[in-house]
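The values are calculated or read from the model by the stated rules, or taken from the named source; none is laboratory data. Being a predicted model, the structure only gives us computed values, none of them experimental. Glycine also receives a Cβ, built like all others from the backbone with ideal geometry; neighbour counts cover every protein chain displayed.
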């Protein structure tokens, strides 16, 4: 599901806000193929608002944008992790990133997908191409993107919370 509807993120936002995180969701522009530029603008905004360390999180096209932004901003010390749910490598003939981009992402990475999602094969391939540190979570079923929150909410929230805690702990944030 890629509706660009921010309310689909409510379960994650509500759960993590209680964990003292600053969270920004954003709408991307429908007519732009590369949504990572919109995400980079959102990152600049949240840095200006006081964020010191940022974990990019996106689902489907938003996951693609998060991975592309992480790859392109490898020198930005504020971006300390990236999470992608159901993010494909390729869709309808468009290749979103290549081996060099994926293997060049040095920050911690977490990929989440369902076992029977159309992009599950891409998730496995991306995980293999990533260098450590990296984590992978496959959920049962065929849910895509934010649909995963409806079916596997608790396991995903637990994984996201653990990932964020370990990434931020590396920077001794309190």
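One residue stands out in the range 128-151 among those that are under 13 Å from the mean Cα position of the chain (by Cα) and closer than 24 Å to residue 168 by Cβ: the one that is surrounded by the most Cβ atoms within 10 Å (Cβ to Cβ), namely 146. Filtering the range 84-101 down to residues that are out of contact with any strand residue (DSSP E or B) (no Cβ under 8 Å at 6 or more places or on another chain) and assigned to a loop (DSSP other than H, G, I, E, B), which residue is nearest to residue 157 (Cα to Cα)? It comes out as 88. Only a single item in (1) touching a strand residue (DSSP E or B) at 6+ places or on another chain (Cβ under 6 Å); (2) farther than 20 Å from residue 133 by Cβ; (3) surrounded by fewer than 21 Cβ atoms within 10 Å (Cβ to Cβ) is not met by residue 59, and it is number (3). Scanning the range 166-174 turns up no residue that is under 26 Å from residue 23 (Cα atoms) and in contact with a helix residue (DSSP H, G or I) (Cβ under 6 Å, 6 or more places away or on another chain).
Based on this model, can you work out whether residue 65 counts as touching a helix residue (DSSP H, G or I) at 6+ places or on another chain (Cβ under 7 Å), assigned to a helix (DSSP H, G or I) and either farther than 21 Å from residue 152 by Cα or touching a residue at least 24 places away in the same chain (Cβ under 8 Å) (or both)? In short, yes. Sub-8 Å Cβ pairs linking a first residue in the range 24-36 that is at positive phi and surrounded by 17 or more Cβ atoms within 10 Å (Cβ to Cβ) to a second residue that is in a loop (DSSP other than H, G, I, E, B) and at pLDDT 80 or above, at least 6 apart or interchain, number zero. Can you say whether residue 132 is within 18 Å of residue 8 (Cα to Cα) and in a loop (DSSP other than H, G, I, E, B), as far as the supplied structure shows? Judged against the criteria, residue 132 is not a match.
Only residues that are crowded, with 19+ Cβ neighbours inside 10 Å and touching a residue at least 60 places away in the same chain (Cβ under 8 Å): list them for the range 39-56, please. 55 - this is the single residue of the range 39-56 that is crowded, with 19+ Cβ neighbours inside 10 Å and touching a residue at least 60 places away in the same chain (Cβ under 8 Å). Counting the residues of the range 48-62 that are closer than 16 Å to residue 108 by Cα and not in a strand (DSSP E or B) gives 1.
One line per residue, one yes/no per condition, for (1) modelled with pLDDT under 90; (2) in a strand (DSSP E or B); (3) within 11 Å of the chain's Cα centre (by Cα); (4) over 22 Å from residue 166 (Cβ atoms):
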residue	(1), (2), (3), (4)
12	yes, no, no, no
27	yes, no, no, yes
30	yes, no, no, yes
46	no, no, no, no
71	no, no, no, no
74	yes, no, no, no
82	no, yes, yes, no
105	no, no, no, no
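Quick one: would you say residue 115 is modelled with pLDDT under 95, surrounded by fewer than 21 Cβ atoms within 10 Å (Cβ to Cβ), over 26 Å from residue 37 (Cβ atoms) and out of contact with any helix residue (DSSP H, G or I) (no Cβ under 9 Å at 6 or more places or on another chain)? Spelling it out, it is not the case that residue 115 is modelled with pLDDT under 95, surrounded by fewer than 21 Cβ atoms within 10 Å (Cβ to Cβ), over 26 Å from residue 37 (Cβ atoms) and out of contact with any helix residue (DSSP H, G or I) (no Cβ under 9 Å at 6 or more places or on another chain).
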